[in-house]
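Before any comments, here is the structure.
No lab work stands behind these numbers, since they all come straight from the coordinates. This is a predicted model, so every value here is computed, not measured. A quick note on method: Cβ atoms are made from the backbone with ideal geometry, for glycine too, and the neighbour counts reach across all protein chains shown.
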Amino acid sequence: MTGETRLAGVIGSPVRHSLSPTIVNAAFAASGLDWTYLAFEVAPGHGAEAVTAMRALGLGGLNVTMPHKAAAAGAVDRLTPVADALGAVNCVAWEGDLLVGHNTDGNGFLEALRQDQGVDPAGTRCAILGAGGAGRAVAWALGHAGAAEVVVINRSPAPAKLAAELAGEAGRVGVPTDAAAAELVVNATPLGMGADDPFPLDPELLRSEQTVVDLIYHPATTPWLRAADAAGATAINGLGMLIHQAALGFEQWVGQAAPIGPMREAALVELNRRSEFDATPGRGAT
Ligand code: NAP
């Protein structure tokens, strides 16, 4: 590194587990860019200050993760329409002297489907389990990608309604059995991250014609995704979304296409390392 090196990073709390430094530094290296990327542990309540620090320090780009996505939305100069609709920013980029707040989760989800799987959700019936930050981003994305129907299924009714509204005319609140009629089923709950978690949806409702996405990427295969695979469905984990949302941010910062292959490769190496660590007796991650 020299005095010319540009710095980007991610703010969050907790943030030490973030895969973003691995993925984005791989992108900088593969692109031959003199940039580096760090994780900044920023305590809850200090997200807006961290965005202000981006201005003062002239950081080249910033990713934002929990719990700062809403605070970042209030601290930038302008929001993209999707960040505005979601009230959440996961990426900040410069546009001239202005800081623009983006949300690349939904489009990252779509790019993972289209580029990695050759699946276009336009005209399809979709079901989303969960209506938190990820569920809302996916609902917005599917609605804007021309899905015929976006059914949001969530244990709490109010967030489900909000997420369904983000999908526009295609959106509605549904019940678990509605997922049986969907061509695309997305788990946007954290159920499956814990070893003893119940399924987010009864696998009996899954069919071989469906594309089933679990937004979880660690573990790489959740029991529910295995059940989807056993039902003959096309089963996809959340790594593609993670890579593509990072790629969209990278492109905003450096103005060139992201090297998806090296980013994915670096993520897989790091995830394998973590899985081996988790499996080491007495050292398992909690
Ligand atoms: P969040 O904002 O906390 O939302 C969690 C959602 O799951 C809520 O709708 C919640 O329902 C529901 N939920 C939580 N526990 C539940 C339970 N025991 N039973 C039924 N429903 C439950 O979380 P998030 O940020 O949306 O993340 C959700 C998942 O997506 C996580 O696994 C996260 O790692 C993953 N994710 C992946 C990516 C990626 O790039 N692949 C990106 C973002 C998130 P209520 O509304 O009823 O509380």
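Structural remarks
- Picking from residues in region 194-218 that are polar (S, T, N, Q) and within 19 Å of Gly123 (Cβ to Cβ), the one that is surrounded by the fewest Cβ atoms within 10 Å (Cβ to Cβ) is Thr211.
- Search result, residues across region 175-193 that are surrounded by fewer than 22 Cβ atoms within 10 Å (Cβ to Cβ) and more than 20 Å from the chain's Cα centre (by Cα): Val175, Pro176, Thr177, Asp178, Ala180, Ala181, Glu183
- Just one of the listed residues (Leu242, Leu201, Leu225) is within 15 Å of the ligand (Cβ to nearest atom), over 21 Å from Asn103 (Cβ atoms), part of a helix (DSSP H, G or I) and out of contact with any Ser or Thr (no Cβ under 8 Å at 6 or more places or on another chain), and it is Leu225.
- Here Met1 meets the list (1) surrounded by fewer than 15 Cβ atoms within 10 Å (Cβ to Cβ); (2) of a type in the set (A, V, I, L, M); (3) in a helix (DSSP H, G or I) almost entirely, failing just condition (3).
- Cβ-Cβ under 9 Å pairs, at least 6 apart or on other chains, region 180-204 side more than 10 Å from Pro223 (Cα to Cα), far side among the β-branched types (Val, Ile, Thr) and loosely packed, with under 14 Cβ neighbours inside 10 Å: Asp202/Thr177
- Among all residues of region 250-269, there is none that is under 24 Å from Ala83 (Cα atoms), within 12 Å of the ligand (Cβ to nearest atom) and out of contact with any Asp or Glu (no Cβ under 8 Å at 6 or more places or on another chain).
- Taking the criterion of being within 13 Å of the ligand (Cβ to nearest atom), in contact with a strand residue (DSSP E or B) (Cβ under 9 Å, 6 or more places away or on another chain) and hydrophobic (A, V, I, L, M, F, W, C), the residues of region 176-198 that qualify are Val186, Ala188, Leu191.
- Some residue of region 28-44 being of a type outside the set (Phe, Trp, Tyr) and under 12 Å from Leu99 (Cβ atoms): no
- Residues that are surrounded by fewer than 19 Cβ atoms within 10 Å (Cβ to Cβ), closer than 19 Å to Ala258 by Cα and among the small types (Gly, Ala, Ser), drawn from region 19-47: Ala29, Ala30, Ser31, Gly32
- Count of residues meeting criterion [among the hydrophobic types (A, V, I, L, M, F, W, C), out of contact with any Gly (no Cβ under 6 Å at 6 or more places or on another chain) and crowded, with 24+ Cβ neighbours inside 10 Å] in region 93-112: 1
- Within region 259-275, considering residues that are more than 17 Å from Glu111 (Cβ to Cβ) and aliphatic (A, V, I, L, M), the one surrounded by the most Cβ atoms within 10 Å (Cβ to Cβ): Ala266
- Residue check, Arg274 within 15 Å of the ligand (Cβ to nearest atom), free of Cβ contacts under 8 Å to residues at least 60 places away in the same chain and outside any loop (DSSP other than H, G, I, E, B): yes
- Helices (runs of 4 or more DSSP H) wholly inside region 65-174 that include at least 2 residues being within 15 Å of the ligand (Cβ to nearest atom) and over 19 Å from the mean Cα position of the chain (by Cα): 157-166
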